[in-house]
Amino acid sequence: MNISRRGALKVAALGAAAATGVRKAEARERLVPPEDATGMLYDATLCIGCKACVVACREANELSLERESTLYDDAIDLSGHTANIIKLHNGDEGYAFVKQQCMHCVDPACASACMMGSFQKRDNGIVTWVPDKCIGCRYCQIACPFEIPKFEWDSPLPRMVKCQMCLAKAGSTDPGQLQDGKEPACCEVCPREAVIYGDYDDLKQEAQARLDANPDRYNPRVYGLDDMGGTQVLYLAPAGVEYSDLGLPEYGPDSVSHIPVGLQHKIYKGFVAPVALYAVLAGLTWRSRRQEDAQAGQEVES
Amino acid sequence: MSAQATPVGGKLLTPTMKGLLILVGIAAVLLLWRFAAGLGAVTNLSDGYPWGLWIAFDVVTGTALGCGGYAIALLVYAFNKGKYHPLVRSALLASALGYTLGAIGVLIDVGRVWWTWKLPLFFWTWNLSSIQLEVALCIMLYTFVLWIELSPAFLEQWAKGPESFLKRFAAAATPKIMRAMPWLIALGMLLPTMHQSSLGNMILLAGPKLHPLWYTTWIPFLFLVSCVGMGYGVTIMETMVSRTVYKRPGETRVLAGLGDAMVVVLLAYVLIRVGDTIWQGKLDYVLAFDVFSILFLLEVLLHLVPAFMLMNKAKRTDRTYLFRASLMIVFGGALYRFSAYWFAFQPGDHWSYFPAIPEILITVGLVAFEIAAYITIIKRFPILTGAPPATAKA
Amino acid sequence: MSGPLELALQASSPGWHRRDFVKACGMAAAAVGLPAKAAAKFVQNAEAGIKPSVIWLANQECTGCTESLLRTSHPGLADLIIDLISLDYNEALMAAAGHQVEAARRAAMERHAGSYILVIEGAIPTKDDGIYCKIGGMTSYDMVHECAENAGAIIAIGSCASWGGLPSADPNPTGAKGAPEVLAGKTVVTIPGCPANPYNFLGVALQYATFGTLPELDELARPKFAYGRTIHEHCPRRAHFDAGRFARQFGDDGHRLGYCLYHLGCKGPQTYANCSVQHFNEVTDAWPIGLGHPCFGCTEQSLAFRVALHETVDPNEILPPSLFPPIFTDRGPISPMATAVGGAVVGGAIAAGVMASKKVAENTAEAGAGEEG
């Protein structure tokens, strides 16, 4: 009796330890973009920092003005009111602008994190948020490596706000202008076509074509091809400017979900481990309770 | 020679209790403001630091502090060490309150609390890839299980009282609960194994934002063993304090006996933490002697030093010695969690976060609420074992 | 701009006094950026009857530049200008005509050889031996060369004279060219614009007339005081550009609110001129952008009559305002008060723990035997 209990215990303990301490976690398999994936290509060498896209996005998404000072709508960063922003990098090689908005990742951290599936990749790969399931736990903010989903801190009825490529208005399910057959507002309004919208494969080709045609003009890498598992918004930067200078870090090809979700899946695959552990624990409990009752019975008798 | 539990009895509204209730009152007022004006009005949380004191302490550390029931149950029911049985109920109470504090902490922290009821019910929308889903559901269920496991204390007391609805309820419910008890106890050991380890895995989703000294696939194991250690530590501290204050037998031998199990989990933590760090080639981070390396070393020391202290079987029967070892373990485990969820979370140098005063006061109020509830329950319900001294009045 | 206007009003009424004349000279000098002593010199020269001779040639032009000059207020000021200089040849303004005029021109050129100002308005056709513009049987090409021979200073007024202007637009059937190209080797000050801003011309002409010097010129021989900056650098609507506020269509809300016209094809970002600070006709906002139409780059050979009116262009230079958001902005200052409170709470917890560790030693009551097991 004792031996088998101890044995069972050891197995259970080892099993739990092994499961929780997996060294080389079987990371989960890499996600690929959907077939009809669309995206955007932003060419920093064409952007003139006119900010028409910032204003157009605000209008298209019905977001309120940002007032850091009192004179202008002067957003300094993405926020609960700003889903798209142009920022300035001032380096030795001169000025470079960068457009920041949701990257619409192939393996979005937000969609992986969200318990209730409020963040999801839609059919063409655009990542959207729906309000009717979100509890505002902000795990998505913890997860997103580009720090994109923004929370309305100043509202008692807060939403998660981010670019939804005009498939829907930011922070809601109201249809955006993409549903009217238009392009996303930023792409529609850009006077230099610095940001363009289109089929993801076409955009990849276009980016490479620009690099081939004008190698001296560009940083030789297209950002987003497999950064963080791939993003459906691609970037081209001017020669001499690193992507990390533009706030796009060199992350490598693994998404943030790769390891932890892989680990989770491995431990809980088929829910076998918890059920098995429960069986063992239940057995042990039953045995020890029986012994306890027996002891108590003995005490009563004595 | 009674392992029977009895209520402590006595006046509820002591000066201590009044002080606690004032803290609770302040927190309650601040919470009204929090819900009326939004999180930004009351906290310093930001898009860079969306989680702060409330998640790091109230939820993550609070539930770990509530692992006493789990840790003791493992000894008593899985390893069949019946001598720890007298500790079970008070450990369960601390756990139930700790997890309830954690649950309340979540409800205060989430921005859109009105949809939380959907989480356990709308299973068709569950994102099974979400680590937090498992944690949330598991914690919800476990909190429920804890109160049920603890319910015999309430049922016994109600059964003794005058004829009332509660007495009838106790009479009806007791046999059903006792029949289910073994299953619940087993569940009460399974669930924390799952969610405490997953709490570790959960923060790995921060990816590059989590400092390398905390980012490891061993994190579920580390969170698990450190929470077991904290469970014992908290049980020892809480048992010692309540039995001293309410003049119950100190159970020092029993508590000291926990030392063996504690040494195991503490050494496991230290070995895996340090070993994995070296194995992954991260020693440079440890030797950097910046804030992160100091936190790392402190966490390791706060587990290693008590381990050595507890290996001394003679000394650990000294209450102060044992208490201090336990205090270190609790701080060490808490620090580990604070680091993983706050200090080692780096959204970028341009972000900084320190909780706002209302934020701190709400946490203080929640803890005060927990302590006040603990005191109230042990005074009115049979939680503490051992006969009270014949002449003593609480 | 109301100063000269008032003066002109005064001048047109009887009782014009010397002090009014002096004042007018002062304003004219100031308007073109010449110092106060220039005004004094103007007066001096005028009283001494010293008036430089000006030969004004008209080639392929619309006479717009002359008209523009005449719209420096009411005729009063035009009279003043004519009083400051001796306009010895100008086809538009001379009363006489025919061979006598040409003879008068040659006489004036001989009389003032080496000191007369040659003003060229209009492009010069070069195709087919320049037959597409002839005055008195002489091609413009020959006439320009003849007049440039002994000129003291040569000023090409308007885009046509500066680089060919409208006549040179594709396919340029007449081979129209600007004066500098036709007079290769000679210094020709160019005052491009369509029309040229009259004050730019006046500044150069008056400086030469008074001091015998020319202002600092850029590589296209344009005076830097007028052509040293793009419109974009000094546009009253620049704040709207910087804020991302644009008119998208004529008559839309943005247009009515006076927003930046960049999206409507404003060439301001590539056009060197001073129209934004020196308006026309002495009426405030009498310049294209002021009236709600994008600049079409009339001074620039690469833009005017080449790039479509409403086609957008890249700015020559990126000049972001200092408030442009940087890649990273420091956020979330830490309050010392909160740190103190937090520290107190943690410190208090540790202290309570240590105190408790001592207190618990007091409990030595143990449960009885039988507890083991």
Quiz item: Can you tell me which residues in segment B:161-209 are in contact with a Pro (Cβ under 9 Å, 6 or more places away or on another chain) and either surrounded by fewer than 20 Cβ atoms within 10 Å (Cβ to Cβ) or among the acidic types (Asp, Glu) (or both)?
Solution: B:THR174, B:ILE177, B:MET178, B:MET181, B:PRO208
Self-check item: Qualifying positions in segment B:354-368 - more than 8 Å from chain C (Cβ to nearest Cβ), within 19 Å of the chain's Cα centre (by Cα) and farther than 15 Å from B:LEU65 by Cα
Solution: B:ILE362, B:GLY365
Quiz item: Filtering segment C:197-250 down to residues that are farther than 30 Å from A:ALA75 by Cα and among the polar types (S, T, N, Q), which residue is surrounded by the fewest Cβ atoms within 10 Å (Cβ to Cβ)?
Solution: C:THR213
Exercise. Within segment B:207-245, track down each residue that is part of a helix (DSSP H, G or I), farther than 30 Å from B:THR320 by Cβ and touching a residue at least 60 places away in the same chain (Cβ under 8 Å).
Key: B:LYS209, B:ILE219
Quiz prompt | Residue ID - surrounded by the fewest Cβ atoms within 10 Å (Cβ to Cβ), chosen from residues in segment B:330-353 that are more than 27 Å from B:ALA71 (Cα to Cα) and facing another protein chain (nearest Cβ under 10 Å) | solution = B:ASP349
Quiz item: Within segment B:285-292, is there a residue that is touching a Leu at 6+ places or on another chain (Cβ under 7 Å) and among the aromatic types (Phe, Trp, Tyr)?
Solution: yes
Exercise. Identify all residues within segment A:116-126 that are aliphatic (A, V, I, L, M) and surrounded by fewer than 24 Cβ atoms within 10 Å (Cβ to Cβ); write none if there are none.
Key: A:MET116
Practice problem: Would you check which residues across segment B:138-190 are over 29 Å from B:TRP126 (Cβ atoms) and of a type in the set (Phe, Trp, Tyr) and list them? | Solution: B:PHE154, B:TRP158, B:PHE165, B:PHE169
Quiz item: Restricting to helices (runs of 4 or more DSSP H) lying wholly in segment B:281-353: which have 1 or more residues that are within 21 Å of the chain's Cα centre (by Cα), of a type in the set (Gly, Ala, Ser) and within 23 Å of B:MET202 (Cβ to Cβ)?
Solution: B:319-338
Quiz item: What number of residues within segment A:147-185 satisfy the criterion of being closer than 30 Å to B:GLY52 by Cα, charged (D, E, K, R) and in contact with a strand residue (DSSP E or B) (Cβ under 6 Å, 6 or more places away or on another chain)?
Solution: 1
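Of the residues A:TYR218, A:TYR243, which single one is at negative phi, touching a Leu at 6+ places or on another chain (Cβ under 6 Å) and crowded, with 19+ Cβ neighbours inside 10 Å?
Working: A:TYR243 fails: touching a Leu at 6+ places or on another chain (Cβ under 6 Å).
It is A:TYR218.
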Quiz item: Which ones in segment C:164-186 are touching a Lys or Arg at 6+ places or on another chain (Cβ under 8 Å) and β-branched (Val, Ile, Thr)?
Solution: C:THR174
Exercise. Could you list, in sequence order, all residues of segment B:85-105 that are buried (at least 24 other Cβ atoms within 10 Å of the Cβ) and among the hydroxyl-bearing types (Ser, Thr, Tyr)?
Key: B:SER90, B:SER95, B:TYR99
Exercise. Answer with yes or no whether C:ALA196 is assigned to a helix (DSSP H, G or I) and either in contact with a strand residue (DSSP E or B) (Cβ under 8 Å, 6 or more places away or on another chain) or more than 30 Å from C:ASP142 (Cα to Cα) (or both).
Key: no
Practice problem: Check off (1) outside any helix (DSSP H, G or I); (2) without any contact (Cβ under 8 Å) to a residue 40 or more places away in the chain; (3) more than 27 Å from B:LEU141 (Cβ to Cβ) for B:ARG248 and give me the number that stays unchecked. | Solution: (2)
Quiz prompt | Complete set of residues in segment C:234-259 that are in contact with a Cys (Cβ under 8 Å, 6 or more places away or on another chain), among the hydrophobic types (A, V, I, L, M, F, W, C) and under 10 Å from A:CYS50 (Cα atoms) | solution = C:PHE241, C:PHE246
Quiz item: Would you say B:THR320 is β-branched (Val, Ile, Thr) and touching a residue at least 40 places away in the same chain (Cβ under 8 Å)?
Solution: no
Quiz item: Can you find a residue in segment B:273-283 that is crowded, with 18+ Cβ neighbours inside 10 Å and within 14 Å of chain C (Cβ to nearest Cβ)?
Solution: no
Exercise. Determine, yes or no, whether C:GLY228 is within 11 Å of another protein chain (Cβ to nearest Cβ) and in contact (Cβ under 8 Å) with a residue 24 or more places away in the chain.
Key: no
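Every number here is computed from the coordinates shown, using simple stated rules; none is lab data. None of these values were measured; they are calculated from a predicted model. Here Cβ is always computed from backbone atoms with ideal geometry, including for glycine, and neighbour counts include all displayed protein chains.
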